[in-house]
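Data first, discussion second: the structure below is written as C-alpha coordinates.
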Amino acid sequence: MIDLTYIVIMIYCLYISYSGWIGVLLGLFVAPAQLYKIVRTKKVSGISIITYLFLVGAIFHYFIHAIDIGDSPFIVANGLNLSVNMLVFVMLFVYKRNT
(Lines give C-alpha, C1' and ligand atoms only; values in the text may rest on other atoms or scores of the structure.)
Protein backbone atom coordinates (compact mmCIF):
# COMPACT_ATOMS: atom_id res chain seq x y z
CA MET A 1 0.00 0.00 0.00
CA ILE A 2 1.31 3.48 -0.88
CA ASP A 3 1.83 5.78 2.06
CA LEU A 4 0.07 9.19 1.95
CA THR A 5 3.29 10.90 2.99
CA TYR A 6 5.03 9.47 -0.09
CA ILE A 7 2.28 10.85 -2.36
CA VAL A 8 2.49 14.30 -0.76
CA ILE A 9 6.28 14.34 -1.13
CA MET A 10 6.04 13.29 -4.80
CA ILE A 11 3.47 16.01 -5.57
CA TYR A 12 5.67 18.58 -3.79
CA CYS A 13 8.74 17.48 -5.77
CA LEU A 14 6.81 17.73 -9.05
CA TYR A 15 5.61 21.21 -8.12
CA ILE A 16 9.13 22.34 -7.23
CA SER A 17 10.56 20.99 -10.48
CA TYR A 18 7.90 22.72 -12.60
CA SER A 19 7.37 25.91 -10.56
CA GLY A 20 9.95 27.84 -12.62
CA TRP A 21 8.15 26.95 -15.83
CA ILE A 22 4.79 27.90 -14.28
CA GLY A 23 6.34 31.29 -13.48
CA VAL A 24 7.53 31.58 -17.09
CA LEU A 25 4.01 30.98 -18.40
CA LEU A 26 2.44 33.48 -16.02
CA GLY A 27 5.11 36.10 -16.65
CA LEU A 28 4.68 35.91 -20.40
CA PHE A 29 1.25 37.54 -20.20
CA VAL A 30 2.42 40.81 -18.62
CA ALA A 31 4.33 42.69 -21.32
CA PRO A 32 2.33 41.51 -24.38
CA ALA A 33 -0.81 43.12 -22.93
CA GLN A 34 0.94 46.51 -22.85
CA LEU A 35 2.42 45.98 -26.31
CA TYR A 36 -1.01 45.03 -27.71
CA LYS A 37 -2.58 48.18 -26.25
CA ILE A 38 0.13 50.41 -27.73
CA VAL A 39 -0.11 48.82 -31.18
CA ARG A 40 -3.93 48.93 -31.13
CA THR A 41 -4.29 52.53 -29.94
CA LYS A 42 -0.99 53.94 -31.27
CA LYS A 43 -0.79 55.98 -28.06
CA VAL A 44 1.84 55.88 -25.35
CA SER A 45 0.67 58.68 -23.10
CA GLY A 46 0.91 57.76 -19.44
CA ILE A 47 3.69 55.20 -19.98
CA SER A 48 7.02 56.14 -18.45
CA ILE A 49 10.07 55.90 -20.69
CA ILE A 50 12.34 55.93 -17.62
CA THR A 51 10.45 52.99 -16.10
CA TYR A 52 10.88 50.93 -19.27
CA LEU A 53 14.54 51.95 -19.52
CA PHE A 54 15.19 50.53 -16.04
CA LEU A 55 12.94 47.51 -16.67
CA VAL A 56 14.74 46.56 -19.89
CA GLY A 57 18.09 47.08 -18.16
CA ALA A 58 17.08 44.88 -15.23
CA ILE A 59 15.72 42.11 -17.45
CA PHE A 60 18.88 42.22 -19.57
CA HIS A 61 21.04 41.66 -16.50
CA TYR A 62 18.73 38.91 -15.19
CA PHE A 63 19.02 37.27 -18.62
CA ILE A 64 22.83 37.39 -18.56
CA HIS A 65 22.83 35.96 -15.02
CA ALA A 66 20.41 33.17 -16.03
CA ILE A 67 22.72 32.22 -18.88
CA ASP A 68 25.70 32.27 -16.52
CA ILE A 69 24.08 29.89 -14.03
CA GLY A 70 22.44 27.79 -16.77
CA ASP A 71 18.89 28.00 -15.43
CA SER A 72 16.61 27.11 -18.37
CA PRO A 73 13.29 28.52 -17.08
CA PHE A 74 14.90 31.87 -16.31
CA ILE A 75 16.80 31.95 -19.61
CA VAL A 76 13.54 31.42 -21.51
CA ALA A 77 11.51 33.82 -19.35
CA ASN A 78 14.03 36.63 -19.40
CA GLY A 79 14.84 36.15 -23.08
CA LEU A 80 11.19 36.40 -24.07
CA ASN A 81 10.44 39.22 -21.62
CA LEU A 82 13.48 41.15 -22.82
CA SER A 83 12.28 40.84 -26.43
CA VAL A 84 8.73 41.99 -25.72
CA ASN A 85 9.75 44.80 -23.36
CA MET A 86 12.32 46.03 -25.89
CA LEU A 87 9.47 46.27 -28.42
CA VAL A 88 7.42 48.28 -25.91
CA PHE A 89 10.44 50.52 -25.29
CA VAL A 90 10.89 51.13 -29.04
CA MET A 91 7.16 51.81 -29.44
CA LEU A 92 7.42 54.50 -26.78
CA PHE A 93 9.67 56.44 -29.17
CA VAL A 94 7.82 55.52 -32.36
CA TYR A 95 4.42 56.68 -31.09
CA LYS A 96 5.66 59.54 -28.89
CA ARG A 97 5.15 61.87 -31.83
CA ASN A 98 1.44 61.03 -31.84
CA THR A 99 0.82 62.19 -28.26
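Here are the numbers:
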| read-out | value |
| --- | --- |
| Evaluation of LEU28 against (1) aliphatic (A, V, I, L, M); (2) at pLDDT below 90; (3) loosely packed, with under 13 Cβ neighbours inside 10 Å (one fails), failing number | (3) |
| Some residue of segment 49-71 being within 27 Å of TYR18 (Cβ to Cβ), in contact (Cβ under 8 Å) with a residue 40 or more places away in the chain, over 12 Å from the mean Cα position of the chain (by Cα) and surrounded by fewer than 17 Cβ atoms within 10 Å (Cβ to Cβ) | yes |
| Residue in segment 9-24 that is of a type in the set (S, T, N, Q) and more than 28 Å from PHE93 (Cβ to Cβ) present | yes |
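The values are calculated or read from the model by the stated rules, or taken from the named source; none is laboratory data. All of these numbers come straight from a predicted model, not from anything done at the bench. Every residue, glycine among them, receives a Cβ derived from its backbone with ideal geometry; neighbour counts consider all protein chains shown.
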